[in-house]
Amino acid sequence: MAVSFDFTALTGRERYKLMIGTIIPRPIALVTTVDEDGRSNAAPFSFFNCLSADPPILAIGVENHPDMSFKDTGHNIRMTEVFTVNIVSFEIAEAMHVCGAKYPRGVDELKEAGLTAMPGVKVASPWIEEAPAAFECRRHVTLELGKSRQIIMGEIVYAHYRDGVVDPERLHVDPAMVDAIARLGGDTCSTIRDRFEMLTPKL
Ligand SMILES: Cc1cc2nc3c(=O)[nH]c(=O)nc-3n(C[C@H](O)[C@H](O)[C@H](O)COP(=O)(O)O)c2cc1C
């Protein structure tokens with residue numbers, strides 16, 4: 001017997017619970033931005049993925065606060081048109097979580113989390129030295145979904161990797177060195193340390 005749900009009859013909260021528990025694992029983008037005065041901000045987003053390589057587009061899903069005001073990340077991207085996606089390794093998992101706390105606007109979560117802000121090369125937002133990889137992005141398109149959620153697409157214009165993560169000749173990225181964590185449902189996260197190879201059958 002299957003258990004089935006009519007999504008059109010569920011509440012938003014019910015749909016959220018089913019979706020985040022089922023669409024797993026979701027990578028986590030630790031998004032760094034700056035406000036109009038150049039102050040840094042960082043927050044994690046697991047509604048995140050890569051959508052296109054040519055042009056190189058990634059997307060994050062940013063929800064408004066319950067009172068409909070923008071999260072700092074959404075506000076800053078709107079004002080500066082740039083952001084940086086830092087990949088979250090197991091090593092910086094705790095620091096990422098600190099960045100997810102509800103700090104008031106203007107507080108630099110990177111400082112609170114003990115992470116190092118490095119100056120962006122092509123964008124005003126900083127990248128995080130401790131992250132295994134970071135993508136500097138220019139806002140490409142923002143989709144307004146419903147009343148309170150934006151899908152922000154960014155075009156990657158520059159990338160940083162920690163030593164040993166990428167082979168600069170072959171451009172092979174070592175998943176063991178990235179050691180990314182993923183978000184599952186609720187507060188559960190996972191590593192991606194259990195891997196296997198699969199070759200697409202040749203017809
Ligand atoms: C692992 C994790 C994933 C999250 N994913 C999202 C997400 O995809 N979208 C979102 O709007 N908030 C997400 N949040 C909540 C935001 O990080 C949180 O609201 C944060 O305080 C926003 O910070 P800001 O106001 O500095 O932008 C997530 C939090 C955590 C810990």
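Identify the trypsin sites (Lys or Arg not before Pro) of the stretch 168-203 meeting these criteria: DSSP loop state and at most 16 other C-beta atoms within 10 Å of the C-beta.
For trypsin sites (Lys or Arg not before Pro) across the stretch 168-203 that sit outside H, G, I, E and B with at most 16 neighbouring Cβ atoms in 10 Å, the list reads 170, 193, 195, 202.
Got a sec? How would 138, 26 order by Cβ neighbour count within 10 Å, fewest to most?
With the sparsest Cβ surroundings first, the list reads 138, 26.
Return the ratio Rg/(2.2 N^0.38 Å) for the chain, where Rg is computed over Cα atoms only. If you can, show how the numbers build up before the last one.
Working: Rg = 17.6 Å, N = 203, 2.2 N^0.38 = 16.6 Å.
With N residues counted in the chain, Rg over 2.2 N^0.38 Å equals 1.06.
Would you mind ranking 148, 40 by Cβ crowding within 10 Å, fewest neighbours first?
Going from least to most buried by this count: 148, 40.
What share of all Cα pairs of the stretch 87-146, in percent, falls into each consecutive 10 Å distance bin?
All Cα pairs, binned at 10 Å, distribute as 20, 43, 33, 5 percent.
Let me know the shape class of the stretch 118-203, please: from the alpha-carbon gyration tensor, a ≥ b ≥ c as square roots of the eigenvalues, rounded when a/c is under 1.5, otherwise prolate if a/b is greater than b/c, or oblate.
Note, shape of the stretch 118-203 comes out oblate.
Which loop chymotrypsin sites (Phe, Trp or Tyr not before Pro) in the stretch 123-203, with loop taken from DSSP, have no more than 15 other Cβ atoms within 10 angstrom of their Cβ?
196
Amide H to amide H, which residues 5 or more places from residue 130 or on other chains are under 5 Å from it, using H placed in the peptide plane?
Residues meeting the criterion, in which the H sits 1.01 Å from N, are 116.
Run the helix sum for the chain: -39,500 (n - 2.57) per DSSP H stretch of 4+ residues, divided by residue count, reported at 222 nm to the nearest 500 deg cm²/dmol.
Details: 5 runs with 36 residues, N = 203.
Mean residue ellipticity, 222 nm, calculated: -4500 deg cm²/dmol.
Can you sort 103, 16 so the residue with the fewest Cβ neighbours within 10 Å comes first?
Result, fewest neighbours first: 16, 103.
Name the residue from 18, 53, 32 whose Cα lies farthest towards the positive end of the charge dipole of the stretch 9-54, charges +1 on Cβ of Lys and Arg and -1 on Cβ of Asp and Glu.
Result: 18, furthest along the dipole toward the positive end.
GluC sites (Glu not before Pro) within the stretch 1-88: which are DSSP loop residues with at most 15 other Cβ atoms inside 10 Å?
Values: sites: 14, 36, 63, 81; in loops: 36, 81.
The qualifying sites are 36, 81.
The numbers here are math on the coordinates, done by the rules we state, and not lab data. All values reported here derive from a predicted model rather than from experimental measurement. Quick reminder, even Gly has a Cβ in these numbers, built from the backbone with ideal geometry, and neighbours come from all protein chains shown.
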